[in-house]
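These notes are about the structure you will find just below.
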Amino acid sequence: MKSVLMIAYHFPPLAGSSGIQRTLRFVQHLPNFGWQPLVLSADPRAYERTSADLEADIPAGTVVRRAFALDTARHLSIKGRYIGAMARPDRWISWRFDAVRVGMEMIRKHKPAAIWSTYPIATAHRIGAELQRRSGLPWIADFRDPMAQDSYPADPKTWQSYKDIEREAVARAALSTFTTPSCVEEYRQRYPARAQDLALLENGYDEDSFAHAGELASGGPLNPGAITLLHSGIVYPSERDPTQLMAALKRLHDAGAITPARLQLRFRAAVAEDLLRRLASEHGVLDYVQILPPVPYREALEEMLRADGLLLLQASNCNAQIPAKLYEYLRAGRPVLCLSDPVGDTARVLRDSGIDAIARLDDAADIARLLQAFCHSGSVSQLQTLARSDAIAAASRRGRSEALAGLLERVSSLPPKR
C-alpha cells in the first residue's frame, strides 16, 4: 500500500470546526482504496477548544505526528496585542518551523509517495511547499475555497501573504483541488497555464457517523408543538449575515403570520452569539430565537435528524463556496431551506439535488415568503425541500475518498520535482 503525508491543522482533538471532517474522513477511507495516510498536524496547545469525541474515529495504527505550534493571539500577545508579522498569514505561523522538521523525519522514515496539505490554515500550504521542495515528492494542495479574494483578507499585508502562498502552491503543486465548480473555474482564469492541474474534490457526509446518530435520534421533535428550523454551525457576520432573516421574522410576526409557539429558530454553535442576540433584540424577535452552545459531533447530527427543517445561510460574496454542512443536511433527510444567492454554487447544488426552497439572504421579503410557505405547507406540499436519494448517495465521504485516491495515483507516477 502506498502512503501519503497529509498536512492538516484541523484534526482531532480540535473541536468546533466542520473542517475537521474533510481530513478525518479521508484518513478513515483512503486505506480502502490503496493509500495509507500519515498525518502531520499541530500540537493541541494551539487549539482554542478540544474534545475527545472524534479521536476514536482515527483508525488504529494511523501514524499521527504533532509539531510544536502556538496561537499568536493567545500565547504571544501582551494585553491582547501582538506584532502583525507574528500572525501572517495566520495566527499559527509558528507551526511551520517544527512541522517542516517533523515532516522530513516522516518522509525519511515512511517514504510516502505523495504529499497533501489542506487550507483554510494557510500555513499548511507553506509547510507543504517547503516539504515538496526538499523532498521532490508530488504535492496536492487542497485549497477547498478561494484564498486571496477581493477585500479578503482585509489587511493588505495579510492579503499579499495569502496571494504569495496561493501563487507558489499552484505553481509547485502537481495538483490543486477545490470544493466547488465555480472555484475551479475562478482559478483556471487566474492561472491559465495550470488550468489542467486544477481539480474538483467536493465535501460530503460520513455514513457511519449518521448511522450512529440515527440510533440516538429517538427523542422526538426538538420543540414539541412548534416548527424548529436548525442552523448548525458558525454564523459569519458577513458571509452568513442573519440581519435580513431577523427582519423577515419581524415582518411575519407583525402580520400575525407566526408566533413563538409556532416557529423557533435554533442556532447551534454559531460563535457569533452576541450578534444574533443583538439583531434579534433590535427586531423584537428574541422569543423566536434559541442560541445554544456546541455539542459533540454525533450529537449535532442527531439534532439535525430531529429538526423540522435545516437552515443554510450563504451570502453572495461566497458564491464560489459551499458550506460543508450542506452535504450533512442532505443526508439527514430533513427539509432544507436555503438563504443564498440563487446563482451561487450553494443554491446550484441544492437545485441539482431536487431542492427549490431558496430565498435571497439579503432580501427580508423573500425570506419571509419562504418561511411562511414552509410553516403553512406541511413542509413539502408547496416547496421541494427534500433531496433525491441519488443526490444523497453521490455525496458520501467514502466516494470523495475514492476520488482523492484516484488523484493520488495520478500524481504519484510523476517524476521528482525540486
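Rg/Rh, computed from the Cα trace of region 103-194 with Rh as the Kirkwood radius, has the value 0.99.
Given the peptides 291-299, 65-73, arrange them by the average over their residues of other C-beta atoms within 10 Å, most packed first.
Numbers: 291-299: 15.9, 65-73: 18.7.
In descending order of packing, they fall as 65-73, 291-299.
Taking a ≥ b ≥ c as the square roots of the eigenvalues of the Cα gyration tensor, region 1-59 is prolate, since a/c reaches 1.5 or more and a/b is larger than b/c. In order along region 406-418, the phi-based Karplus estimate (6.51 cos²θ - 1.76 cosθ + 1.60, θ = phi - 60°) of 3J(HN,Hα) comes to x, 5, 5, 4, 4, 7, 5, 8, 6, x, x, 9, 10 Hz; Gly and Pro are listed as x. Relative to the dominant Cα principal axis of the chain, helix 95-110 is inclined by about 60°. Rg and Dmax over the alpha-carbon atoms of the chain stand at 21.8, 69 Å. Computed from backbone phi, the HN-Hα couplings of region 223-235 come to 10, x, x, 10, 7, 10, 9, 10, 10, 9, x, 5, 9 Hz, rounded to whole numbers (Karplus: 6.51 cos²θ - 1.76 cosθ + 1.60, θ = phi - 60°; Gly and Pro given as x). Full extension of the chain segment joining residue 343 with residue 317 gains 8.2 nm, where the gain is 0.36 nm per residue of separation less the Cα-Cα distance.
Please state the shape class of region 127-242: rounded when a/c is under 1.5, otherwise prolate if a/b exceeds b/c and oblate if not, all from the C-alpha gyration tensor.
Working: a/c = 2.77, a/b = 1.83, b/c = 1.51.
The shape class here is prolate.
Solvent exposure of region 14-102, expressed per residue, is 44 Å² of accessible area, with all protein chains present and a 1.4 angstrom probe.
The heavy atoms of residue 356 present about 80 square angstrom of accessible area, all protein chains included, probe 1.4 Å. Using the Cβ-Cβ distance between residue 151 and residue 110 with R0 = 45 Å, the FRET efficiency computed as 1/(1 + (r/R0)^6) comes to roughly 0.60.
Gain in length, residue 62 to residue 389, computed as 0.36 nm per residue apart minus the alpha-carbon separation, to one decimal in nm?
Numbers: separation 327, 0.36 × 327 = 117.72 nm, distance 3.31 nm.
Extending this stretch completely gives an extra 114.4 nm.
Dividing the convex hull volume of the alpha-carbon atoms in region 169-209 by its residue count gives 78 Å³ per residue.
With r as the distance between the Cβ atoms of residue 207 and residue 287 and R0 = 45 Å, compute the FRET efficiency 1/(1 + (r/R0)^6) and round to 0.05. Provide the component values of the computation, followed by the final result.
Details: r = 38 Å, r/R0 = 0.84.
E between residue 287 and residue 207, to the nearest 0.05, is 0.75.
Working from label points 7 Å from Cα in the Cα-to-Cβ sense, the residue 351 to residue 167 distance is 3.6 nm. Amide H contacts for residue 272 (H built 1.01 Å from N in the peptide plane; partners 5 or more residues away or on another chain; cut-off under 5 Å): 235. Once the 1.4 Å probe is applied to the protein heavy atoms, region 242-347 comes out at 34 Å² accessible per residue.
The share of Cα pairs per 10 Å bin across region 184-265, counted from zero up to the longest distance, runs 13, 22, 25, 22, 14, 4 percent. The convex hull drawn around the Cα atoms of region 1-113, when projected onto a plane and averaged over every direction, covers 7.5 nm².
Can you tell me the length gained on complete extension of the stretch residue 160 to residue 188, counting 0.36 nm per residue apart and subtracting the Cα distance?
Numbers: separation 28, 0.36 × 28 = 10.08 nm, distance 1.98 nm.
Gain on extension, residue 160 to residue 188, equals 8.1 nm.
Expressed in whole Å with the largest first, what are the equivalent ellipsoid semi-axes of region 39-105 derived from the C-alpha gyration tensor as the square root of 5 times each eigenvalue?
Numbers: eigenvalues 132, 51, 10 Å².
Gyration-tensor ellipsoid for region 39-105: 26, 16, 7 Å.
For the chain, what relative contact order do you get, as a whole percent, if you take Cα pairs closer than 8 Å and at least 6 residues apart? The partial results should precede the final answer.
Values: 805 pairs, mean separation 66.3, N = 418.
Here the relative contact order equals 16 percent.
In order along region 353-367, the Karplus-derived 3J(HN,Hα) couplings, from 6.51 cos²θ - 1.76 cosθ + 1.60 at θ = phi - 60°, round to 8, x, 9, 10, 7, 10, 9, 6, 5, 9, 10, 4, 5, 5, 5 Hz, and Gly and Pro are given as x.
The values are calculated or read from the model by the stated rules, or taken from the named source; none is laboratory data. These numbers come from a predicted model, not from an experiment. Backbone-built Cβ (ideal geometry, glycine too); neighbour counts: all protein chains shown. Heavy atoms of the whole protein, side chains included, go into the accessibility calculation; ligands, DNA and RNA do not. Shrake-Rupley method; radii C 1.70, N 1.55, O 1.52, S 1.80 Å.
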